[in-house]
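Peer 1: I have a structure I would like to understand better, so I am pasting it below and will then ask my questions one at a time.
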Amino acid sequence: MRAYWILPNRQQKDDLLASDGAKVMPLRQILEPKLRPPGFSHGVPAELLERCAPTPLAQILFAQKFPDWNAGRQLFCVSTPAGVDSSGRIVHLSLLLLLEQNERPRFDLSCAALSELDAAYARALMRRLTTPSPDDCWAESVLRLRELPSSRGPATNVELQRSVVPFYSLYAAGTAGLTRKATTWRKLRTRSAIFLLLVAAVGVWLCERACQHPSRPSTSTGAIAWRSS
């Protein structure tokens, strides 16, 4: 596994910077633009920030998983808002993981090369992902995404409605927080239960009608005997 921090663009420069924990370098040296998968985001999408308001920015986490990214390798990225720049625009810190096939993401990257401000956000992010509190639904959503089978394809922890490409998602976000979406098997189980209840209700109704309308008694036909004279 290769791990990097994508640093907040506090100066609003053209080139994003990244760090492997020991040194800082342009992000394009690690992940060339042409190799970035469709829909890849190096921060929290604006639509998610808008939809979750007034949730405190520090709580929001956005994660993406690309299980078949490049020659069988995987890409996993989790982002969080990291304050604002001098103009008041929100900036983001991301943890980018480049993994071999079937390799499991780990959240243990050094912060030595980061500024004091960025290191504080980085340590907070790793703390949430390695020792999450029971009520941290955002961290839970990221950890569930990590365990999601690769067969689901590109996926996000939270549903996006304005993404240029479709993603499988685990949670829906709104002003009330996160809501876990029903999985396919749960939907099928619910639909099956409803169908069985309907069949049972129809069966009871038919039985009641049969009891209210008993069958008519059969009419016996007598034989006519002819007497010869």
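Every number here is computed from the coordinates shown, using simple stated rules; none is lab data. What you see is a predicted model; the values in this text were computed from it and never measured. Backbone-built Cβ (ideal geometry, glycine too); neighbour counts: all protein chains shown.
Peer 1: Quick one: which of 139-152, 98-111 comes out on top by average Cβ neighbours within 10 Å, and what's the full order, highest first?
Peer 2: By packing density, highest mean first, the sequence is 139-152, 98-111.
Peer 1: Mind checking the full-extension length gain between Val84 and Thr179? Use 0.36 nm per residue of separation minus the Cα-Cα distance, one decimal, nm.
Peer 2: 31.4 nm
Peer 1: What FRET efficiency comes out for Leu148 versus Ala119 if R0 is 35 angstrom and r is the Cβ-Cβ distance? Round to the nearest 0.05.
Peer 2: Values: r = 30 Å, r/R0 = 0.84.
It comes out at approximately 0.75.
Peer 1: Now for a separate question. Rounded, prolate or oblate: which fits region 2-180, taking a ≥ b ≥ c as square roots of the Cα gyration tensor eigenvalues, rounded meaning a/c under 1.5, else prolate when a/b beats b/c?
Peer 2: The shape class here is rounded.
Peer 1: Give the peptides 53-66, 29-42 in descending order of average Cβ contacts within 10 Å, highest first.
Peer 2: The packing order, highest mean first, is 53-66, 29-42.
Peer 1: When Ser79, Ser133 are ordered from fewest to most other Cβ atoms inside 10 Å of their Cβ, what list results?
Peer 2: Ser133, Ser79
Peer 1: Also, I was wondering about something else. Once you sort the root eigenvalues of the Cα gyration tensor of region 1-59 as a ≥ b ≥ c, which label holds: rounded (a/c under 1.5), prolate (a/b larger than b/c) or oblate (the other case)?
Peer 2: The shape class here is prolate.
Peer 1: Of the peptides 169-176, 86-93, 2-9, how do they stack up when ordered by the mean number of other Cβ atoms within 10 Å, highest first? Could you put the intermediate results ahead of the total?
Peer 2: Details: 169-176: 15.9, 86-93: 14.1, 2-9: 20.9.
Ranked by mean Cβ neighbours within 10 Å, highest first: 2-9, 169-176, 86-93.
Peer 1: For Gln59 and Tyr168, what does the FRET efficiency come to when R0 = 25 Å and r is the distance between their Cβ atoms, rounded to the nearest 0.05?
Peer 2: According to the calculation, E is roughly 0.60.
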